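The values are calculated or read from the model by the stated rules, or taken from the named source; none is laboratory data. Keep in mind that this is a model prediction, so the values were computed, not measured. Heads up, the Cβs are rebuilt from the backbone with ideal geometry, glycines too, and the neighbour counts pull from every protein chain shown. Keep in mind that these areas ignore ligands, DNA and RNA; they rest on the heavy atoms of the full protein, side chains included. Shrake-Rupley method; radii C 1.70, N 1.55, O 1.52, S 1.80 Å.
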Amino acid sequence: LFFFPTRRSSDLSSGINAEYGGSHVVGSIPLQALIKAADSYIEKEGVFLIKEQQKIRFIIDRLGLNSVSEFKPESKVIEYVLGVNRHGPLQSSTVQQFVESVGARTSTPGGGSVSALVTALGLALGQMTGWMTYGSKKHEGAEKTVTSVLPVLHRTIDQITPLIDADAMAFANYLVAQKMPVTNEEETLRKQEALEEALLTIVHVPMKIMELGCGCWSQIEELTANYNSSLKSDLQVAIKCLEAGIWGAYKNIMINLDDVVNDKTKQEIAAKARKLLESSETMSGRLLASLEK
């Protein structure tokens, strides 16, 4: 059982001449319920928060959830109580573990997973540049730009990082399809269909990396127009990482397209990937040139 008001509890109590004592959650509460409540207060108060933990701390304070007893998210939020891990094994690994797994004598994680990570790192550096510009007296005019750019970068990073594991999983499924038995015509057909489907999934993951990465070039461009100049090299690295991640995803698409049987599908995917790559390279070159001026 849970309760959270759409208005402040203190506002509600004032109409009935009652003293406001805070709020209390009985049992557990879904994570999204807290986030939605936080978003409502954030919009009302004009506060700039984008991270999950920040929003949880914020809404705990606004609803007075610690007033009766301490509100511990790890024991009150359903997803945390159940130990729902929204991150795959690669995404959850340490830097050292990930590097070692990439360098191991295994097919995965490979270029696709690395491309996803590099793309996310480029966006993360862009996000860092935005945060280090936000609130700076020297860059007061950049506040409007930063507050529009940061949520997009943050959301995109959250969408890209799961693809680190998705790429490895897609290849694992392809290996399973390769091992399907072929003892008659029906099994042969079933294996061909499974392999085609697995290949298209393998291609879909890096395509998603390209789409998400390219979708943030306009935000990176906005940052280059007004940013904390002490972070120039960080922004340059952000641009090169974003370009490299997208390029890597493109190469993963093209090498796997060779085995796709459907020519029409193959041509459509190749054309889309080339268009995204060309757009990325153009944006990267232009932004890096502008930063050298």
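Here are some notes:
- Kirkwood hydrodynamic radius (C-alpha pairs) into Stokes-Einstein, segment 45-157, 37 °C and 0.692 mPa s, D in µm²/s: 189
- As a size descriptor, the averaged projected area of the C-alpha convex hull of segment 137-282 was calculated at 10.0 nm².
- Cross-link table 44/137; 266/293; 51/240; 55/138; 36/275; 144/266, entries beyond 32 Å C-alpha to C-alpha: 266/293; 36/275; 144/266
- In the context of the full set of protein chains, the chain has a per residue accessible area of 56 Å² (1.4 Å probe).
- For segment 93-183, fraction of C-alpha pairs farther apart than 21 Å, in %: 49
- For the chain, excluding the exposed loop sites themselves (GluC sites (Glu not before Pro), DSSP loop, at most 14 other Cβ atoms within 10 Å), the longest remaining stretch covers 71-291.
- Hull volume in cubic angstrom per residue (convex hull over the Cα atoms of segment 208-293): 74
- Pairwise centroid distance, computed over Cα atoms, of segment 24-82 with segment 274-293, Å: 41
- Coil-residue trypsin sites (Lys or Arg not before Pro) of segment 115-195, DSSP, other Cβ within 10 Å capped at 11: 179
- Reciprocal mean inverse distance between Cα atoms of segment 159-205 - Kirkwood radius, Å: 11.2
- Dimensions (Å) - the chain, Cα atoms, principal axes, largest first: 79, 58, 37
- Of the Cα atoms belonging to segment 176-243, the radius of gyration and Dmax stand at 21.6, 67 Å.
- Low-density loop cleavage sites - trypsin sites (Lys or Arg not before Pro) in segment 51-135, where at most 16 other Cβ are within 10 Å (DSSP): 51, 86, 105
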